[in-house]
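The values are calculated or read from the model by the stated rules, or taken from the named source; none is laboratory data. These figures come from a predicted structure and were not determined experimentally. So basically every Cβ, Gly included, is an ideal-geometry build from the backbone, and we count neighbours across all protein chains shown.
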Amino acid sequence: MKENNRKKISRYDELQLFAEVDGVCPNCPTILIGDKVGKKRKDYEIAHIYPLNPKADEFEILKNQEILNEDLNHIHNLICLCLKCHNEFDNPRTLEEYLNLVKKKKDLIRLTKEKSIWINSNIENEIFQIIDFLANEDFDFNQEDILNYNPKTIDEKTNSTITKLVKRKIHKNIQDYFNQVKSKFRELDTLQPGTTETISIQIKQHYLLLKKHNSEKNQKEIFDAMIEWLNKRTNNQSYESSEIIISYFIQNCEIFE
Ligand SMILES: [Zn+2]
């Protein structure tokens, strides 16, 4: 077997790998920049997920398994781990740990890709008023006009990737807030005609972009990514409000048509 050379990782690749895990070891909750007597220090190493030069037994263990990139020094085959987890991961090599880390890395690659399309999707400033309204209004959930709706629509549109718990949350959001959000949109339309339509199109466009990039058509991942995007776009004002708005647009068919 030919020997692969270890390549020096560029500063930018290292920054990207560090940012990808949010500065926390993906295998345990260790923070990757440590503090020793007031001095910051690097508490991580960059691990090859598939070993750069597998020993005969490692080669055997990982035979026929997925490799994230043919170039073993490619950023997709690298991940930041704390020193302890890196050592445990390499010694001894096990199939279970390998598959586990491959799965984690694939999620990280997907999340990075989702972020890269944020830049293409705008949303009108009026959305801030809906976020603010949901976050700060005192709603009376006992009133008559809470939506009495047929949950079948959601059930028919969602696939098995949406867990029961998530489905329940979407149902609840629609039941409690659908009418409120709808009338708020109407109010915005009287002030600025076309607001609802523009925002609906923007939501739909971002959904389609995510769907296009999600090869597995995993609705749960798309649902989470929609909320994450809307929350970021609205300066992290209220994650819960973003969840309610995304649920609203599922019922309204912009998402999961
Ligand atoms: Zn760790």
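Here are the numbers for this structure:
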| item | result |
| --- | --- |
| Hits in the range 79-116 (condition: charged (D, E, K, R) and over 28 Å from N231 (Cβ atoms)) | K84, E88, D90, R93, E96, E97 |
| Failed item, numbered, when S116 is tested on (1) in contact (Cβ under 8 Å) with a residue 24 or more places away in the chain; (2) under 27 Å from I67 (Cα atoms) | (1) |
| Candidate set from the range 67-96 (those that are assigned to a strand (DSSP E or B) and among the aliphatic types (A, V, I, L, M)); member that is nearest to I33 (Cα to Cα) | L81 |
| Residues (under 14 Å from the mean Cα position of the chain (by Cα) and either surrounded by 22 or more Cβ atoms within 10 Å (Cβ to Cβ) or free of Cβ contacts under 8 Å to residues at least 60 places away in the same chain (or both)) located in the range 218-241 | N218, K220, I222, F223, D224, A225, M226, I227, W229, L230, N231, Y239 |
| Selection count where residues are more than 22 Å from W229 (Cα to Cα) and under 21 Å from the mean Cα position of the chain (by Cα), scope the range 167-208 | 0 |
| Answer residue from the range 39-88, given it is closer than 19 Å to Q16 by Cα and charged (D, E, K, R) and is surrounded by the fewest Cβ atoms within 10 Å (Cβ to Cβ) among those | R41 |
| Count - residues of the range 99-140 that are surrounded by 13 or more Cβ atoms within 10 Å (Cβ to Cβ), more than 22 Å from the chain's Cα centre (by Cα) and either on the phi > 0 side of the Ramachandran plot or not acidic (D, E) (or both) | 5 |
| Residues within the range 68-96 that are charged (D, E, K, R) and within 12 Å of the ligand (Cβ to nearest atom), tallied | 2 |
| Positions within the range 1-60 being in contact with an Asp or Glu (Cβ under 6 Å, 6 or more places away or on another chain), without any contact (Cβ under 8 Å) to a residue 40 or more places away in the chain and away from the ligand (no atom under 14 Å from the Cβ), in sequence order | none |
| I146, sole failed condition from (1) surrounded by 15 or more Cβ atoms within 10 Å (Cβ to Cβ); (2) more than 28 Å from the chain's Cα centre (by Cα); (3) modelled with pLDDT of 95 or more | (3) |
| Tally of residues being small (G, A, S) and in a strand (DSSP E or B) across the range 1-54 | 2 |
